[in-house]
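> Sharing a structure below in structure tokens format, with a few things to ask.
The values are calculated or read from the model by the stated rules, or taken from the named source; none is laboratory data. What you see is a predicted model, and the numbers here were worked out from it, not measured in a lab. Note: ideal-geometry Cβ built from the backbone for every residue, glycine included; neighbour counts use all protein chains shown.
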Amino acid sequence: MLRSPAASPSRRFAPQDQGGWASRNTRHDGGGGLAIYAILYLAFLYVPVLLLPLFSFNDSAFITFPLTGFTTKWYAAMAGDEEMRAALANTLKVGAAASLISTILGLLTAKVLARGIRGGAFFAGFASLPLFIPDIVLGIALLMLVTSLDIPLSLESVVVGHVAICLPFAIAVLLSRFEGFDLSLEEASRDLGENGWMTFWWVTFPLVLPGIVASLLLTFIVSFDDFLIAFFLCGTDTTLPVYIWGELRFPYKLPNVLALGATILIASSALIALAEWVRRQGVSGSPRDHGIGI
Amino acid sequence: MAEDFLRIENLSKRFGATPAVNDVTLHIAHGEFFSLLGPSGCGKTTLLRMIGGFTLPDAGTIALDGEDVTDRPPNKRATNMVFQSYAIFPHLNVRDNIAYGLRTERLSGAERDKRVVEALAMIKLETYGERRAHQLSGGERQRVALARALVKRPKVLLLDEPLGALDKRLREAMQIELRQIQREVGITFVFVTHDQEEALSMSDRIAVMEAGRVLQVADPKTLYEQPSSRAVADFIGTANFLPGHVVVAASTSVTVETALGRMDLPRRANLSAGARVIVAIRPEKLTLSREVTPASGRVVAVSYLGDRSQFQVSVNGATVIVAAQNGAAFAIGEAVQVAWAADAVMLFPE
């Protein structure tokens, strides 16, 4: 038989989807009803949260309308609060350690899972199980484990607990980065003379770097945000959420907490935005946009 | 040419229960353009990956320039690969892609730059040094992958269907360019393809593979004109296969009876009278005429293919395809005589 090879169409030449969100939305203009629904929806989501910054600038210790006057004294008081600063430092330390450890573990896990091992799907599901275990159950379980092993409650035990809740996020973020990773890129590096470690350093690492950064930021937020596990495991070294919980017992300290809450709100929004921006930066340089895969 | 530069001896590899490569022995000469040709799943890519060190064989040895490299990882053997996906590093520009393999070679900065500039000149992309992978066309990527591998000055360059993703016109241009580059650098190329025309036009020698085995190793002309088996004749080019049987077996010749009539052929293998055989004749080796009488065939279909016409001719119940250059015009239903040269007939035991 005469075999004339059919010209194989290549994905690379497919035109980019230029449409996206904006153009789709203009096509489906739902009219006034949809606009009202959207406004109510957004109000429901954000108005309660926005009360925090609002009252944090109010010149009264009582959280009631009408507002009495503008002040920044709660912010000044917050900044001067030694205990709060210690709790913040603890939280940053725990967050840094937990995000670093869970991202490294997540990187190794995602790398193996992306290669398509036997039972990979089962393991991926198993690794994300902590997402579905209520934190209070996980907190109690970890507390039992730590006390039965006679390990003193400390920031270290909080880190261990946070790694458990952060790891599923790290795996999810990094796995999406590894999927579609052209394994022949690593083979090409080996072929060109680099060993396994150098290949990881020069090829794999730079290509998954946006995923690593996104994972670090996301897991940091998860750790920063956690109250329950820290509450069970922190002992006397309180983290910021645990500190805030303690402060709520004193009504006169409430405005300080509001100022703190507003600050955290802005900082974490900025971090999430940064994580998403980094992730999107990565997409255009993603290996799946190039080559054909195998 | 001494065919012992790359020696592959009794190489086997299984994936699960399926043998991907089954007891393959090949000896490839220095400077040769050698192709592994076969349908997908025939084991040609697995064989190439074992030569490159990406897959370890279950049995057998690979020796390169007198050195046993069977168990060496890819970074410890003097082979380089052009991957099917090209595997251009997307985070590096063209220059850094090409220089990637020179990192481990302990060259001076000036020497390294010189090699990269030479490589860019070889692939005629002198001004492309700063471009990223996503700014390159398919053909340009293919060239960068080639330059990146050749800049290492490997003893053997491995190419895994490097032209498969290109469109027909570009592929044909790249075939010529690739062959030119190979002659210039004088490096041994082992080229994997499923495209028999590509293999025939580029290679010094071709190994035809099927189901993990090598069916025949020969130069393109021999492969086309003297295939060793029916499978090779079937895979390379087009052929009319006619069943027949031996009517007379003399010491130097045999006479075979087929639908086309009796054929006196040089003796092949140990065929005795009565043995069932398959006769194969290429369509362009058959000719049609209307002068000879009595006519034994009748034209049943005609296809116009531009550079030639193809006629389906029914002869004694068998249908053969005859290719003729244009000028030869026969109409459907016309009575014709089919003729052939004796040396155009290929004979295989059934």
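Yes or no, residue by residue, for (1) farther than 25 Å from A:F57 by Cα; (2) within 14 Å of chain B (Cβ to nearest Cβ); (3) modelled with pLDDT under 80:
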site: A:W245; (1), (2), (3): no, no, no
site: A:Y252; (1), (2), (3): no, no, yes
site: A:P255; (1), (2), (3): no, no, yes
site: A:L258; (1), (2), (3): no, no, no
site: A:T263; (1), (2), (3): no, no, no
site: A:S269; (1), (2), (3): no, no, no
site: A:G282; (1), (2), (3): yes, yes, yes
site: A:R288; (1), (2), (3): yes, yes, yes
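> All but one of (1) of a type outside the set (A, V, I, L, M, F, W, C); (2) assigned to a helix (DSSP H, G or I); (3) over 22 Å from A:L100 (Cβ atoms) hold for A:G161; state the number of the condition that does not hold.
Result: A:G161 passes all but (3).
> Just checking, how many residues over the stretch B:148-165 are at negative phi and either of a type in the set (A, V, I, L, M) or away from chain A (no Cβ under 11 Å) (or both)?
So the answer is 11.
> In the stretch B:78-88, how many are more than 8 Å from chain A (Cβ to nearest Cβ) and buried (at least 19 other Cβ atoms within 10 Å of the Cβ)?
The number of residues fulfilling the criteria is 1.
> Another question about this same structure. Please pick out the residue among B:L56, B:L36, B:L92 that is away from every other protein chain (no Cβ under 12 Å), closer than 25 Å to A:F200 by Cβ and of a type outside the set (K, R).
B:L56
> Which ones in the stretch B:199-224 are in contact (Cβ under 8 Å) with a residue 40 or more places away in the chain and among the charged types (D, E, K, R)?
Within the stretch B:199-224, B:D204, B:R205, B:E210, B:R213 meet the criteria.
> I've got another one for you. Can you pull out the helices (runs of 4 or more DSSP H) entirely within the stretch A:190-236 that have at least 2 residues that are among the aromatic types (F, W, Y) and touching a residue at least 40 places away in the same chain (Cβ under 8 Å)?
A:205-225, A:228-233
> Take B:G43 and tell me if it is buried (at least 21 other Cβ atoms within 10 Å of the Cβ), more than 14 Å from every other protein chain (Cβ to nearest Cβ), touching a residue at least 40 places away in the same chain (Cβ under 8 Å) and small (G, A, S).
Judged against the criteria, B:G43 is a match.
> Within the bounds of the stretch B:106-117, is there any residue that is more than 9 Å from chain A (Cβ to nearest Cβ) and under 15 Å from B:L146 (Cβ atoms)?
yes
> In the stretch A:142-154, is there at least one residue being away from chain B (no Cβ under 14 Å), within 19 Å of A:D225 (Cα to Cα) and within 23 Å of the chain's Cα centre (by Cα)?
The answer is yes, given that some residue of the stretch A:142-154 is away from chain B (no Cβ under 14 Å), within 19 Å of A:D225 (Cα to Cα) and within 23 Å of the chain's Cα centre (by Cα).
> Can you tell me which of (1) of a type outside the set (V, I, T); (2) closer than 29 Å to A:L260 by Cβ; (3) in contact (Cβ under 8 Å) with a residue 12 or more places away in the chain is the one A:L107 doesn't meet?
Condition (2) is where A:L107 drops out.
> Give the stretch B:119-142 a look and list any residue that's touching a residue at least 24 places away in the same chain (Cβ under 8 Å) and of a type outside the set (A, V, I, L, M), or say none.
B:Y128, B:G129, B:E130, B:R131, B:R132, B:H134, B:G138, B:G139, B:R141, B:Q142
> Being within 12 Å of chain A (Cβ to nearest Cβ) and more than 24 Å from the chain's Cα centre (by Cα) is the filter here, so list the residues in the stretch B:124-147 that pass it.
Listed by number, the residues that qualify are B:R132, B:A133, B:H134, B:Q135, B:L136, B:S137.
> Please go through (1) among the hydrophobic types (A, V, I, L, M, F, W, C); (2) within 18 Å of the chain's Cα centre (by Cα); (3) crowded, with 21+ Cβ neighbours inside 10 Å; (4) more than 11 Å from chain A (Cβ to nearest Cβ) for B:A29 and return the number of the only condition it doesn't satisfy.
Only one criterion in (1) among the hydrophobic types (A, V, I, L, M, F, W, C); (2) within 18 Å of the chain's Cα centre (by Cα); (3) crowded, with 21+ Cβ neighbours inside 10 Å; (4) more than 11 Å from chain A (Cβ to nearest Cβ) is unmet by B:A29, namely (3).
> Hey, any hits in the stretch B:166-174 for a residue that's more than 11 Å from every other protein chain (Cβ to nearest Cβ), buried (at least 18 other Cβ atoms within 10 Å of the Cβ) and more than 21 Å from A:E187 (Cα to Cα)?
Among the residues of the stretch B:166-174, at least one is more than 11 Å from every other protein chain (Cβ to nearest Cβ), buried (at least 18 other Cβ atoms within 10 Å of the Cβ) and more than 21 Å from A:E187 (Cα to Cα), which makes the answer yes.
> Mind listing whichever residues of the stretch B:175-212 are under 11 Å from the mean Cα position of the chain (by Cα), of a type in the set (G, A, S) and buried (at least 21 other Cβ atoms within 10 Å of the Cβ)?
Residues satisfying the conditions are B:A199, B:S203, B:A207.
> Report yes if A:E187 is without any contact (Cβ under 8 Å) to a residue 12 or more places away in the chain and either more than 14 Å from chain B (Cβ to nearest Cβ) or closer than 30 Å to B:F83 by Cβ (or both), otherwise no.
Against the criterion (without any contact (Cβ under 8 Å) to a residue 12 or more places away in the chain and either more than 14 Å from chain B (Cβ to nearest Cβ) or closer than 30 Å to B:F83 by Cβ (or both)), A:E187 qualifies.
> Now a separate question. Look at the stretch B:84-100 and say how many of its residues are over 16 Å from B:S137 (Cα atoms) and in contact with a strand residue (DSSP E or B) (Cβ under 6 Å, 6 or more places away or on another chain).
The number of residues fulfilling the criteria is 0.
> Pick out the one residue from B:N75, B:N97 that is crowded, with 22+ Cβ neighbours inside 10 Å, within 13 Å of another protein chain (Cβ to nearest Cβ) and outside any loop (DSSP other than H, G, I, E, B).
Going through B:N75, B:N97 in turn, the sole match is B:N97.
> Could you please find all residues in the stretch B:118-168 being among the small types (G, A, S) and closer than 20 Å to B:G186 by Cα?
Within the stretch B:118-168, B:A119, B:A121, B:A145, B:A147, B:A149 meet the criteria.
> Now, a different point. I'm trying to understand the selection: among the residues of the stretch B:59-72, which are without any contact (Cβ under 8 Å) to a residue 24 or more places away in the chain and either facing chain A (nearest Cβ under 7 Å) or not in a loop (DSSP other than H, G, I, E, B) (or both)?
B:E67, B:D68
> What number goes with the only condition from (1) in contact with a helix residue (DSSP H, G or I) (Cβ under 8 Å, 6 or more places away or on another chain); (2) free of Cβ contacts under 8 Å to residues at least 40 places away in the same chain that B:R282 does not pass?
(2)
> Does the stretch A:27-45 include one or more residues that are in a loop (DSSP other than H, G, I, E, B) and assigned by TED's automatic domain parsing to the domain that holds A:S176?
No, the stretch A:27-45 contains no residue that is in a loop (DSSP other than H, G, I, E, B) and assigned by TED's automatic domain parsing to the domain that holds A:S176.
> As an exercise: evaluate B:H134 against (1) touching a Gly at 6+ places or on another chain (Cβ under 7 Å); (2) surrounded by fewer than 22 Cβ atoms within 10 Å (Cβ to Cβ) and give the number of the one condition it does not meet.
Only one criterion is unmet by B:H134, namely (1).
> Would you mind stating whether B:L37 is surrounded by 22 or more Cβ atoms within 10 Å (Cβ to Cβ) and in contact with a Lys or Arg (Cβ under 9 Å, 6 or more places away or on another chain)?
Answer is yes for this residue.
> A further question on this structure: Based on what the data block shows, is B:L120 closer than 15 Å to B:A149 by Cβ and within 14 Å of chain A (Cβ to nearest Cβ)?
No: the conditions fail for B:L120.
> OK, next. Name the pairs whose Cβ atoms lie under 9 Å apart, with the first residue in the stretch A:117-146 and in contact (Cβ under 8 Å) with a residue 60 or more places away in the chain, the second surrounded by 12 or more Cβ atoms within 10 Å (Cβ to Cβ) and hydroxyl-bearing (S, T, Y), and 6 or more positions between them or separate chains?
A:L142/A:S157; A:L143/A:S157; A:V146/A:S157
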